[in-house]
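The values are calculated or read from the model by the stated rules, or taken from the named source; none is laboratory data. Worth saying up front: this structure is predicted, and the values here are computed from it rather than measured. Neighbour counts run over all protein chains shown; Cβ positions are idealised from the backbone, glycine included.
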Amino acid sequence: MSQNGSNSKARVVAALMRLGIRELNELNGFSDHHEDHEPSELMPHGAPLAIRSPIDGSKLCDVGTASSMGTLNIMERAGWAFDSWRMTPAPQRGEFVRRLGLKLREFKTELAELITWEVGKIPQEALGEVQEMIDICDFAVGLSRQLHGLTIASERARHRLMEQWHPLGPVLVITAFNFPMAVWAWNAALAWVCGNPVIWKPSEKTPLCAIGVHSIVKGLLREMDSVPEGIAFLVLCDREVAHQVSWSSVKLISATGSTRMGYEIAQSAGLTRTLLELGGNNGMIVAPSADLELAVRAIVFGAVGTCGQRCTTLRRLFVHESRYLELRDRLLAAYRNLPIGDPTKPGVLVGPLIDGQAFDSMQRALEAARSEGGTVHFGERITTGVPAGGYYVRPALVEMPVRLLKEDYYGALIDFAPGDGYVDTSKMGDSIMDEETFAPILHMTRYQELERAIALHNDVSQGLSSAILTNDLREAELFCSAAGSDCGLVNVNCGTSGAEIGGAFGGEKETGGGRESGSDAWKNYMRRVTSTINWSGELPLAQGIQFEL
Ligand code: NAD
């Protein structure tokens, strides 16, 4: 093993040990005697996963995985826990989450270290992810005293119409590799105060992050006798097993990942409720009045942070032609000087891609952009001054030709279509810019009219995050209006990434339509009951219907 490799393993072992997981070897198949894990919960009968650090490609350990039989057992136990958890007063459920928030504060450094070693995030971003878990715990504690319904005026005399929100049942949370802890926390903290057990299926690329967090949860469950142990499960398995399992007794599947995954889940879920947080292809418009100093910072953080592997990463930039060249040159200068390398080293801002597959898909996307007439700046692999074995790249800035809308292509093709009206839809203007390539590629193009730029911005199948940089109030309001951005997140004078947990998070179209985190996203984890209470002593019927016996 290389010097780097042994270093990564030693650092991960140390972080896990501080979290109470004594030996990395114990993760091999989850030995039955390990007190932090229930053997039946983990059912290590699936194929082991080899876990590698993206920092240097070194193998950290093998992790045992669950079989589909194991998941059946878990669902049954989650069902039992639900029977008592749903009748536990919500503020008491909140107490569990409050204490979890305290533990996460205590182990913030260790958890962030796991994120850095397993995902390659720089410490600032890794600490930010753990802070997001703490923030959502705080939010959920307050929420546990506010799970309120409406009282509605009844049309019948001496009747009361009211809404109540009741716990839903076991919630399955499937998470992506790029936010290996926070996304689980957004779901789990709310699901728990809402009275539901949580079953977590993390990405097969980041099981150590999940094991680290879950050992804290299990420790807390041992400290709190009043909380049923079956409210928290961790299922490590690859996507094939996750797909085969019939999650029959789960009442909500909350899944975060690619749009491909969303389609597969939606197909197999049938009528089970789903909450889907899928791929984004986020755009920004830079208007003539934009502050370019602010623009460069917002663009670079949005496009290269987490090495372009955020769902909210900035991927498409529409710049007014009057500012295009100036902004392009400032961005090129910023990109040229980006500190790229080992994320554990001070001063580094861009760490590695998750793996070689991500590198290959980045190179394919750059090739496609070239073939569409794009000019590619940077995007190459970096091999000097970085740990060998990791996939380090200089983020790419790609100048793309001015785009046509798909409807323009369609119109043009109709005009030229042969007599039978046949239109070759393969030529309808599909571009690599329409796809989410999960890597740091920023496509840049120019515009003349704002309405046209907004139409181009919206002319993709994803709808997660968007931004406009302008000091013109009318432009900002148009972008935020019903005729503006069609995304779930619409920002003015800040970038596309870096959402706060207080607002509802999620996107439209192929991003899945789900909303997690703040605002009233908690309603996804509960079922609504509308009750009519008659205290009149008569039986008047709604709509004035007479039905005399
Ligand atoms: P992925 O789709 O490959 O995997 C995500 C998770 O889904 C993993 O745990 C995987 O094992 C599981 N999975 C995949 N197919 C499944 C199936 N058929 N049945 C059950 N489980 C299945 O995604 P990834 O590469 O880990 O993450 C990157 C993607 O996630 C990007 O598209 C990114 O935009 C998206 N993402 C979206 C958000 C959001 O909030 N919208 C947040 C983070 C990441």
**Asked** Any chance region 156-163 includes a residue that's free of Cβ contacts under 8 Å to residues at least 12 places away in the same chain and of a type outside the set (Asp, Glu)?
**Response** no
**Prompt:** If Lys509 satisfies every condition in (1) within 11 Å of the ligand (Cβ to nearest atom); (2) more than 20 Å from Gly308 (Cβ to Cβ); (3) in contact with an Asp or Glu (Cβ under 8 Å, 6 or more places away or on another chain) but one, which is the exception?
**Reply:** (1)
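Which of the helices (runs of 4 or more DSSP H) found entirely inside region 169-250 contain at least 3 residues meeting this: crowded, with 22+ Cβ neighbours inside 10 Å? Steps first, please.
Numbers: elements: 182-193, 207-223, 239-244.
Those helices (runs of 4 or more DSSP H) span 182-193, 207-223.
Go over the candidates Ile468, Ile501, Ile454 one by one and state the one that is in a strand (DSSP E or B) and either among the hydrophobic types (A, V, I, L, M, F, W, C) or at pLDDT below 95 (or both). Reasoning before the result, please.
On the way: Ile501 fails: in a strand (DSSP E or B); Ile454 fails: in a strand (DSSP E or B).
Criteria check complete, one pass: Ile468.
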**Message:** Given (1) touching a Pro at 6+ places or on another chain (Cβ under 7 Å); (2) at positive phi, identify the lone condition not met by Gly169.
**Reply:** (1)
**Request:** Filter region 265-290 down to residues that are among the polar types (S, T, N, Q) and either assigned to a helix (DSSP H, G or I) or near the ligand (Cβ under 8 Å from one of its atoms) (or both) and give me whichever is nearest to His443 (Cα to Cα).
**Result:** Gln267
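Consider His243 carefully, then state whether it is more than 18 Å from the chain's Cα centre (by Cα) and away from the ligand (no atom under 16 Å from the Cβ). Break it down into steps so the answer makes sense when it comes.
Numbers: more than 18 Å from the chain's Cα centre (by Cα): yes; away from the ligand (no atom under 16 Å from the Cβ): no.
Criteria not met by His243.
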**Complete:** The condition of being touching a residue at least 12 places away in the same chain (Cβ under 8 Å) and not assigned by TED's automatic domain parsing to the domain that holds Ala126 holds, among Leu294, Leu325, only for Leu294
**Asked** Scanning for something within 13 Å of the ligand (Cβ to nearest atom), over 30 Å from Glu475 (Cβ atoms) and touching a strand residue (DSSP E or B) at 6+ places or on another chain (Cβ under 6 Å), does region 218-233 turn up at least one residue?
**Response** no
**Message:** Quick test of your reading of the structure: Arg316 fulfils all but one of (1) touching a His at 6+ places or on another chain (Cβ under 8 Å); (2) surrounded by 17 or more Cβ atoms within 10 Å (Cβ to Cβ); (3) in a loop (DSSP other than H, G, I, E, B). Name the failing condition by number.
**Reply:** (3)
**Item:** Residues located in region 485-514, provided they are surrounded by fewer than 20 Cβ atoms within 10 Å (Cβ to Cβ), more than 17 Å from Thr313 (Cβ to Cβ) and under 15 Å from the mean Cα position of the chain (by Cα)
**Value:** Glu500, Gly503, Ala504, Glu508, Gly513
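Would you pick out the residues in region 329-363 that are without any contact (Cβ under 8 Å) to a residue 60 or more places away in the chain and either hydrophobic (A, V, I, L, M, F, W, C) or part of a helix (DSSP H, G or I) (or both)? Working first, answer last.
Kept after step one, since they are without any contact (Cβ under 8 Å) to a residue 60 or more places away in the chain, are these residues of region 329-363: 329-330, 333-334, 336-341, 345-347, 356-357, 360, 363.
Across region 329-363, the qualifying residues are Asp329, Arg330, Ala333, Ala334, Arg336, Leu338, Ile340, Gly356, Gln357, Asp360, Gln363.
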**Message:** Out of Gly70, Gly29, I need the residue that is modelled with pLDDT under 85 and crowded, with 21+ Cβ neighbours inside 10 Å. Which one?
**Reply:** Gly70
**Message:** Being part of a loop (DSSP other than H, G, I, E, B) and either within 9 Å of the ligand (Cβ to nearest atom) or among the aromatic types (Phe, Trp, Tyr) (or both): is that true of Gly262 here?
**Reply:** no
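Is it true that Arg315 is at negative phi, within 16 Å of the ligand (Cβ to nearest atom) and in the same structural domain as Ser465 (by TED's automatic domain parsing)? Before you say what the answer is, go through the steps one by one.
Working: at negative phi: yes; within 16 Å of the ligand (Cβ to nearest atom): yes; in the same structural domain as Ser465 (by TED's automatic domain parsing): yes.
The answer is yes for Arg315.
Please tell me if Ala388 is within 24 Å of the chain's Cα centre (by Cα) and farther than 30 Å from Leu450 by Cα.
Details: within 24 Å of the chain's Cα centre (by Cα): no; farther than 30 Å from Leu450 by Cα: yes.
No.
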